[in-house]
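One structure below.
The values are calculated or read from the model by the stated rules, or taken from the named source; none is laboratory data. For clarity, every value in this text was computed on a predicted model and none was experimentally measured. Glycine also receives a Cβ, built like all others from the backbone with ideal geometry; neighbour counts cover every protein chain displayed.
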Amino acid sequence: MKRNGSCLIAALAVAVAACGAGERPAPRVGLPGTVAVSFQDALGEMFVLEGIELLVDGRIVVACSGKGALDARSTVFLYRGSADPGEHEIALRLSYRGQGQGIFSYLSGYRFEVKSSHTVEVLPAGLRAVRATAYERGDPATPLEERPQIRFEETSRDERPSGAIGCPGSKG
C-alpha cells in the first residue's frame, strides 16, 4: 500500500508540474494602486500634434483631437486612475502632420502615426507615474518618418497636476 501511495504522489507531482508549465504567475492581491500618465510633445517645429490616444490595458482612456494643433509643449496630465496590483500596459498613439515653409512646404502633405507601449508594475496601494515624451530621434540624415519616437519614464513620485487632467487645449 505504501508503494502505491508513493507512486500516486509522484504521478500527481508530475501532472501538476506539466499542467502548470507556461502559466502566468498569480496576480498580486491587495488594495488597488494608482496609475498616472503625463505627456510632453518635444518634437521639432516641423511636426504638428493633431491627435492623442492613451490606452491602459488595451482600453482607450483618453482620446484627443483638435481643430488646430494640440498644445502639449509643456507637460500635460492625461490620466490618473486606479489599477489592480500587477503589470499593466500603457500605450500611446500620436497623430502628427508635417509643417514646412518655402522649399520645405512639401512637409505639409505628410502624416505621421507614432505608436509605442510600456509595461508598468503597480504595487498594492502604490503609485506608478509614467511620463511619456515625444521626441525627434536621429540627425538630418535620418529619414523623416523614422524621427518621431516616444520615450517612457517611470517614477513612484506623485506629480499632482495643478490643472485639469485630460486632453490638452487646441491652438491655432
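Of the numbered conditions (1) touching a residue at least 60 places away in the same chain (Cβ under 8 Å); (2) in a strand (DSSP E or B), residue 149 fails exactly one; give the number of that condition.
For residue 149, the failing item is (1).
Taking the residues in segment 87-106 that are out of contact with any Leu (no Cβ under 9 Å at 6 or more places or on another chain) and surrounded by 14 or more Cβ atoms within 10 Å (Cβ to Cβ) as candidates, determine which candidate is nearest to residue 118 (Cα to Cα).
Among those residues, the one meeting the criterion is 88.
If you take just the strands (runs of 3 or more DSSP E) that sit entirely in segment 26-128, which of them hold at least 2 residues that are closer than 25 Å to residue 143 by Cβ?
Working: elements: 33-41, 47-56, 59-65, 76-83, 86-98, 111-122.
It comes to 33-41, 47-56, 86-98, 111-122.
So that you can scan it fast, the table gives a plain yes or no per residue for (1) farther than 16 Å from residue 113 by Cα; (2) buried (at least 22 other Cβ atoms within 10 Å of the Cβ):
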position	(1), (2)
37	yes, yes
55	no, no
58	yes, no
68	yes, no
79	yes, no
83	yes, no
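List the pairs whose first member sits in segment 105-120 and is touching a residue at least 24 places away in the same chain (Cβ under 8 Å), whose second member is exposed (fewer than 13 other Cβ atoms within 10 Å of the Cβ) and part of a helix (DSSP H, G or I), and whose Cβ atoms are under 7 Å apart, counting only residues at least 6 apart or on separate chains?
From segment 105-120, the pairs are 112/145.
Can you tell me which residue in segment 137-155 is nearest to residue 43 (Cα to Cα), limited to those that are surrounded by fewer than 16 Cβ atoms within 10 Å (Cβ to Cβ) and of a type in the set (D, E, K, R)?
Selected residue: 137.
Within segment 89-128, can you find the residues that are within 29 Å of residue 68 (Cα to Cα), hydrophobic (A, V, I, L, M, F, W, C) and at pLDDT below 95?
103, 104, 107, 112 - these are the residues of segment 89-128 that are within 29 Å of residue 68 (Cα to Cα), hydrophobic (A, V, I, L, M, F, W, C) and at pLDDT below 95.
Give me the residue from segment 107-136 that is out of contact with any Asp or Glu (no Cβ under 9 Å at 6 or more places or on another chain) and acidic (Asp, Glu) and, out of that set, surrounded by the most Cβ atoms within 10 Å (Cβ to Cβ).
Residue satisfying both the conditions and the ranking: 136.
Only one of (1) closer than 24 Å to residue 165 by Cβ; (2) touching a strand residue (DSSP E or B) at 6+ places or on another chain (Cβ under 8 Å); (3) of a type outside the set (S, T, N, Q) fails for residue 110. Which number is that?
Every listed condition holds for residue 110 apart from (1).
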